[in-house]
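Structure, as C-alpha cells:
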Amino acid sequence: MRTRWRSAAVGAAAVGLAAGLVGPAGAAAVYGPDAAAHAPTMTAAAPTPTPTPTPAPTPASDGFAQLTPAVTRQLDDAIRKVLAEAKIPGVIVAVSAPGKGEYIRSFGVADKATGAPMTPNLNMRIGSVTKTFTVTALLELVDDGKVGLDDPIGKYVDGVPNGDRITLRELAGMRSGLFNYSADEDFYKALTSNPDRPFTPQELLDYSFKHPVLFEPNAKFYYCNTNLILLGLVVEKVSGVPLGRFIEREVVAPAGLKHTVFPTGPEFPEPHAQGYTNQTASGKIETSTDWNPSWGWAAGAMISDLPDLRSWAKTLATGTLLTPATQAQRLDVVDAIPGAGYGLGIFNVQGWIGHNGSLPGYGSLVLYLPQARATLVVLLNTDIGYEGQEPSTLFGEAITKIVTPERVYTLPAQPPS
C-alpha cells in the first residue's frame with residue numbers, strides 16, 4: 001500500500017493495494033505514504049471484488065525455487081528488464097529462503113546527477129510499510145489490556161464522523177468509511193505547493209472530516225490514510241508517549257532493528273538514495289529526497305534499510321512481538337481487491353504476507369511467505385508508475401514468477417468507476 005498523497009492506498013483514488021496518497025480527482029497518488037498512488041481511480045462505492053483463488057504449491061514442495069546460478073541469472077534479467085521498461089533509476093532486491101539460498105542485488109543509480117550506483121546499504125523512505133509498525137504498536141497495547149480492538153475511536157479522539165460506531169479494528173482493517181485525507185484536492189495543492197512544510201495530525205484529519213463519510217462502518221474495504229492517523233493518536237494518548245518514540249522503543253528496538261527510524265521532520269540518515277517523483281505542482285519529475293514526510297506520519301513517514309526490513313518481514317508475519325491470539329486476529333484477512341486480502345495493517349497476496357509502500361520519490365515491498373519461510377524485500381527510488389502499476393508491484397511480480405510461480409505477487413490496477 002502506498003503513502004502517496006494523491007491516492008490514499010487501495011481503493012482511494014489512484015492505485016491498487018498500495019499505501020499511497022491520492023491527489024486531485026482522477027490523479028494517481030501514492031499514499032502519502034503509499035497505497036493508491038499509481039492505479040486508476042477506485043471509489044468507495046465500487047463493490048468489493050471476489051479475490052482470485054490462490055493455487056496451492058505441490059505437496060512435494062514448498063513452492064520456492066532453489067536459488068541456483070541459473071535462477072539468479074533469470075532474476076538479474078527480469079529485474080533489469082523492469083528497470084529499463086519502467087525507467088526506474090535504481091532498485092535494491094533481496095530474496096531468500098532457508099535451504100534455498102540468498103539473492104541480494106542492487107541495480108541502477110542512487111543519484112541521477114552524479115551517477116552514484118544504488119547499493120544494498122542505503123537508507124530508504126518506506127512509505128506505507130510504516131502502517132505495519134503503527135498497527136503493531138496498537139496491537140501491543142491490545143495485548144497489554146490498555147485498548148480493545150472493538151473500542152470506538154470516539155473513546156480516544158473527539159470529532160470523528162461516526163466516531164461512536166467506528167472501531168479500532170475497522171480503522172486498522174481499512175473498513176471505516178472515512179474519507180482519505182490524501183485524496184482531498186486542497187491537501188494535494190498544499191503539499192505540492194510547499195513539500196517542505198510540516199503537517200500536524202489534526203490538520204490531516206481536517207482535510208478528511210470536511211467530507212461526508214463514504215459508507216457505514218465495516219460495509220466494505222477502502223484503503224485510507226486517515227485511519228492510520230487516528231490509530232497513531234490512539235497510541236499516543238494511551239501510552240502518553242509521542243508515536244515515533246513509542247514505535248522506536250516498543251517495536252523497533254524489541255525487533256532488533258538497527259537502522260529504522262520515525263523522523264520528526266525531513267531528516268534522512270546517510271547514506272541514502274535520492275528520490276524522484278512526478279507528484280509535483282508542475283507535473284514534472286523532481287527530486288523529493290528531503291521533502292517533509294510529516295503528511296504521512298503514522299501512515300507513511302518512516303525510514304529503514306534492507307537488513308532491517310528483511311528481519312521485519314519475518315517478525316511482522318510471524319507475530320514475534322504479539323500474543324498468538326492477537327496475531328491471529330491481525331492475519332484474519334478480508335477480501336480487498338482481486339487476489340489480495342487485508343487484515344489489520346497487513347495484506348496477503350497469493351500467500352505472500354506483508355505490505356507495500358510508496359511516497360513521493362520512493363517505493364518499497366516487504367513480504368514473507370510462511371510455507372517456505374521466504375523473504376522478499378524491494379526498495380526503489382521512485383514512485384512513478386508504469387502502465388497503471390506501482391513500480392514495486394512490477395518487481396514483485398517479475399521476481400515471484402521465477403521463485404514462486406504458483407504464488408505470483410500481483411496487485412491489479414483497479415478499473416475507473
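The values are calculated or read from the model by the stated rules, or taken from the named source; none is laboratory data. Everything numeric in this text was worked out from a predicted model, so none of it was measured. Cβ placement follows ideal geometry from the backbone for every residue including glycine, while neighbour counts extend to all protein chains displayed.
Could you check, for segment 191-198, whether at least one of its residues is in contact (Cβ under 8 Å) with a residue 12 or more places away in the chain, of a type in the set (S, T, N, Q) and surrounded by fewer than 24 Cβ atoms within 10 Å (Cβ to Cβ)?
Filtering segment 191-198 for residues in contact (Cβ under 8 Å) with a residue 12 or more places away in the chain gives 191-193, 195-198.
From what is left, the residues that are of a type in the set (S, T, N, Q) are 192-193.
Still in the running and surrounded by fewer than 24 Cβ atoms within 10 Å (Cβ to Cβ): 192-193.
Checking segment 191-198: at least one residue is in contact (Cβ under 8 Å) with a residue 12 or more places away in the chain, of a type in the set (S, T, N, Q) and surrounded by fewer than 24 Cβ atoms within 10 Å (Cβ to Cβ).
One line per residue, one yes/no per condition, for (1) closer than 28 Å to residue 280 by Cα; (2) at pLDDT 95 or above:
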site	(1), (2)
344	no, yes
356	yes, yes
360	yes, yes
374	no, yes
389	yes, no
394	yes, yes
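Among (1) under 26 Å from residue 101 (Cα atoms); (2) in a loop (DSSP other than H, G, I, E, B), where does residue 366 come up short?
(2)
One residue is enough: does segment 318-336 have a residue meeting the conditions in a loop (DSSP other than H, G, I, E, B), of a type in the set (D, E, K, R) and surrounded by 16 or more Cβ atoms within 10 Å (Cβ to Cβ)?
no
Quick one: in segment 133-150, of everything that is of a type in the set (D, E, K, R) and more than 10 Å from residue 169 (Cβ to Cβ), which residue is surrounded by the most Cβ atoms within 10 Å (Cβ to Cβ)? It would help to see each step written out before you state the result.
Within segment 133-150, the subset of a type in the set (D, E, K, R) is 140, 143-144, 146, 150.
Next, from what is left, pick out any that are more than 10 Å from residue 169 (Cβ to Cβ): 140, 143-144, 146.
Working: 140: 22, 143: 14, 144: 11, 146: 13.
Within segment 133-150, the match that is surrounded by the most Cβ atoms within 10 Å (Cβ to Cβ) is 140.
How many of the residues in segment 298-317 are buried (at least 22 other Cβ atoms within 10 Å of the Cβ), assigned to a helix (DSSP H, G or I) and either in contact (Cβ under 8 Å) with a residue 60 or more places away in the chain or over 19 Å from the mean Cα position of the chain (by Cα) (or both)?
8
Here are 149, 178, 214: which of them is part of a loop (DSSP other than H, G, I, E, B), in contact with a strand residue (DSSP E or B) (Cβ under 8 Å, 6 or more places away or on another chain) and of a type outside the set (Asp, Glu)? Can you show your working first?
On the way: 178 fails: in contact with a strand residue (DSSP E or B) (Cβ under 8 Å, 6 or more places away or on another chain); 214 fails: in contact with a strand residue (DSSP E or B) (Cβ under 8 Å, 6 or more places away or on another chain).
Every option except 149 fails the conditions.
Check segment 246-257 and report whether any residue there is touching a strand residue (DSSP E or B) at 6+ places or on another chain (Cβ under 6 Å), crowded, with 16+ Cβ neighbours inside 10 Å and assigned to a loop (DSSP other than H, G, I, E, B).
For segment 246-257, residues touching a strand residue (DSSP E or B) at 6+ places or on another chain (Cβ under 6 Å), crowded, with 16+ Cβ neighbours inside 10 Å and assigned to a loop (DSSP other than H, G, I, E, B): absent.
Scan segment 124-146 and give yes if some residue there is in a loop (DSSP other than H, G, I, E, B) and under 21 Å from the mean Cα position of the chain (by Cα), otherwise no. Explain how you work it out, then say what you get.
Of segment 124-146, the ones in a loop (DSSP other than H, G, I, E, B) are 126, 144-146.
Filter once more, keeping what is under 21 Å from the mean Cα position of the chain (by Cα): 126.
There is at least one residue in segment 124-146 that is in a loop (DSSP other than H, G, I, E, B) and under 21 Å from the mean Cα position of the chain (by Cα).
Of the residues 378, 408, which is surrounded by 19 or more Cβ atoms within 10 Å (Cβ to Cβ), in contact with a Gly (Cβ under 9 Å, 6 or more places away or on another chain), of a type outside the set (Gly, Ala, Ser) and farther than 23 Å from residue 300 by Cβ?
Sole residue among the options that is surrounded by 19 or more Cβ atoms within 10 Å (Cβ to Cβ), in contact with a Gly (Cβ under 9 Å, 6 or more places away or on another chain), of a type outside the set (Gly, Ala, Ser) and farther than 23 Å from residue 300 by Cβ: 408.
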